[in-house]
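Structure record follows, encoded as structure tokens.
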Amino acid sequence: MSTPLTYASAWHAPVLVEEVCSLLTGCETILDGTLGGGGHTAALLEAGHRVIGLDRDPAALEVATARLQAAGIAGRFEAVLGNHDAIEEIPALEGRRLDGILLDLGVSSRQLDDDARGFSFRPGVLLDMRMNPTQPLDAAAWLMESDAATLTRIFREAGDEPRAARLAAEIIRRRERHPFAVSDDLVGAIRAVLGARSGPGEFARLFQAVRIAVNDELGGLARGLETLRDRLAPGGVLAVIAYHSGEDRIVKQSFRAWSTACTCPPRQPMCTCPGVAAGTLLTRRGVVALETEIAGNPRARSARLRAWRRAEGD
Ligand SMILES: C[S@@+](CC[C@H](N)C(=O)[O-])C[C@H]1O[C@@H](n2cnc3c(N)ncnc32)[C@H](O)[C@@H]1O
């Protein structure tokens with residue numbers, strides 16, 4: 001197999017490509033629930049699988065489809081627009097057999113780099129951050145409409161921010177005087193609370209927290225993972241790459257629970273459940289990238305890949 005960066009494009013450089021392909025070996029039809037630039041899909045197509053590439057960003061579908069066609073490997077590929085958190089609402093997936101499902105969570109590099117998409121803290125960028133541009137709520141609206149409790153929770157849980165409540169109060173104080181519209185409005189509030197020396201690291205972390213809220217990334221994953229599991233054919237594999245500790249926790253806890261035979265509450269004296277695990281954990285601690293991959297693709301540093309196989313007889 002080629003080295004991982006062979007599958008990189010101007011849109012995105014995929015991580016852990018060989019590891020993903022190895023875990024999905026033997027799966028005939030795979031749903032790539034985060035098509036992005038089509039890097040993982042390209043590798044899976046080359047390995048002989050059929051791939052349904054799903055993304056909620058129509059621009060990603062267009063770019064990936066053109067790229068796979070140009071490479072002459074689109075014969076076993078189908079592009080579908082939709083959200084993997086609610087695949088039951090996607091007519092094109094109804095009744096389809098899925099032997100493998102891949103989620104490579106978060107956003108593509110191009111989405112982040114394109115100022116018009118509004119993810120960046122660079123000066124003057126409109127606060128947008130929607131992966132799906134037809135979604136009504138953008139980042140500016142989220143910052144203007146969320147109450148103190150919601151702002152605090154998101155900055156604490158998704159942004160790991162100890163001064164989350166102060167930041168929430170600062171945003172509310174500022175938005176009463178001047179509506180939030182551009183990156184500078186949020187940067188100004190962060191600086192006011194974290195101090196003038198706060199810089200790109202803090203902005204990136206707290207802008208990411210807003211992005212996670214605007215796209216409901218943690219809530220959506222928590223709601224959608226079980227549906228994805230139930231759509232797997234017997235013996236099928238669900239593989240998820242997470243970059244954020246909150247996402248990884250959801251995946252880890254779900255995969256552990258689904259691999260446990262007894263699901264009775266821990267204090268219950270006698271087992272009363274069917275006592276059969278729904279499947280098997282394939283990656284005990286999660287797979288991380290090697291230093292050689294991280295050297296070529298720094299984004300790989302925070303990636304953790306976990307996989308789970310549905311029981312054969314289930
Ligand atoms: C990290 S990128 C995937 C990159 C891809 N693996 C590649 O090789 O280029 C994540 C992609 O998933 C999409 N995405 C994120 N959450 C989604 C969701 N809930 N449903 C559908 N697509 C989603 C984003 O729009 C983005 O294009």
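Tabulated data
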read-out	value
Residues of segment 98-109 that turn out to be over 17 Å from N215 (Cα atoms) and either surrounded by fewer than 23 Cβ atoms within 10 Å (Cβ to Cβ) or more than 8 Å from the ligand (Cβ to nearest atom) (or both), as a count	4
Breaking point among (1) buried (at least 19 other Cβ atoms within 10 Å of the Cβ); (2) away from the ligand (no atom under 15 Å from the Cβ); (3) in contact (Cβ under 8 Å) with a residue 24 or more places away in the chain; (4) under 22 Å from the mean Cα position of the chain (by Cα), for L151	(3)
Identity of the residue in segment 5-42, of a type in the set (A, V, I, L, M) and assigned to a loop (DSSP other than H, G, I, E, B), that ends up farthest from the ligand (Cβ to nearest atom)	L24
Unmet requirement for G313, which otherwise passes all of (1) surrounded by 14 or more Cβ atoms within 10 Å (Cβ to Cβ); (2) modelled with pLDDT under 95; (3) not acidic (D, E)	(1)
Selection from segment 180-212 of residues that are of a type outside the set (F, W, Y) and closer than 20 Å to A116 by Cβ	A181, V182, S183, D184, D185, L186, V187, A204, Q208, V210, R211
Residue count, segment 60-83 (criterion: assigned to a strand (DSSP E or B) and within 11 Å of the ligand (Cβ to nearest atom))	2
Criterion violated by R50 - all others in (1) touching a strand residue (DSSP E or B) at 6+ places or on another chain (Cβ under 7 Å); (2) surrounded by fewer than 22 Cβ atoms within 10 Å (Cβ to Cβ); (3) within 24 Å of V210 (Cα to Cα) satisfied	(3)
Any hit, segment 89-110, residues being among the acidic types (D, E), out of contact with any Phe, Trp or Tyr (no Cβ under 9 Å at 6 or more places or on another chain) and part of a helix (DSSP H, G or I)	yes
Hey, A261 in a loop (DSSP other than H, G, I, E, B), touching a residue at least 24 places away in the same chain (Cβ under 8 Å), surrounded by fewer than 17 Cβ atoms within 10 Å (Cβ to Cβ) and assigned by TED's automatic domain parsing to the domain that holds V15 or not	no
Residue match in segment 300-308 (condition: among the small types (G, A, S) and either part of a strand (DSSP E or B) or more than 16 Å from the ligand (Cβ to nearest atom) (or both))	yes
Cβ pairs under 6 Å, 6+ apart, first in segment 46-67 and over 17 Å from A10 (Cβ atoms), second of a type in the set (S, T, Y) and surrounded by fewer than 23 Cβ atoms within 10 Å (Cβ to Cβ)	R50/T29
Residue that is nearest to the chain's Cα centre (by Cα), among those in segment 43-59 that are more than 8 Å from the ligand (Cβ to nearest atom) and among the charged types (D, E, K, R)	R50
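For (1) aromatic (F, W, Y); (2) in contact with a Cys (Cβ under 9 Å, 6 or more places away or on another chain); (3) modelled with pLDDT of 95 or more; (4) buried (at least 16 other Cβ atoms within 10 Å of the Cβ), each residue gets a yes or a no:
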{"residue": "A139", "(1), (2), (3), (4)": "no, no, yes, yes"}
{"residue": "W142", "(1), (2), (3), (4)": "yes, no, yes, yes"}
{"residue": "E145", "(1), (2), (3), (4)": "no, no, yes, no"}
{"residue": "A158", "(1), (2), (3), (4)": "no, no, yes, yes"}
{"residue": "F180", "(1), (2), (3), (4)": "yes, no, yes, yes"}
{"residue": "D185", "(1), (2), (3), (4)": "no, no, yes, yes"}
{"residue": "V193", "(1), (2), (3), (4)": "no, no, yes, yes"}
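The values are calculated or read from the model by the stated rules, or taken from the named source; none is laboratory data. As the structure is a computational prediction, the values presented were derived from the model and not from experiment. All Cβ positions, glycine included, derive from the backbone under ideal geometry; neighbour counts span all protein chains shown.
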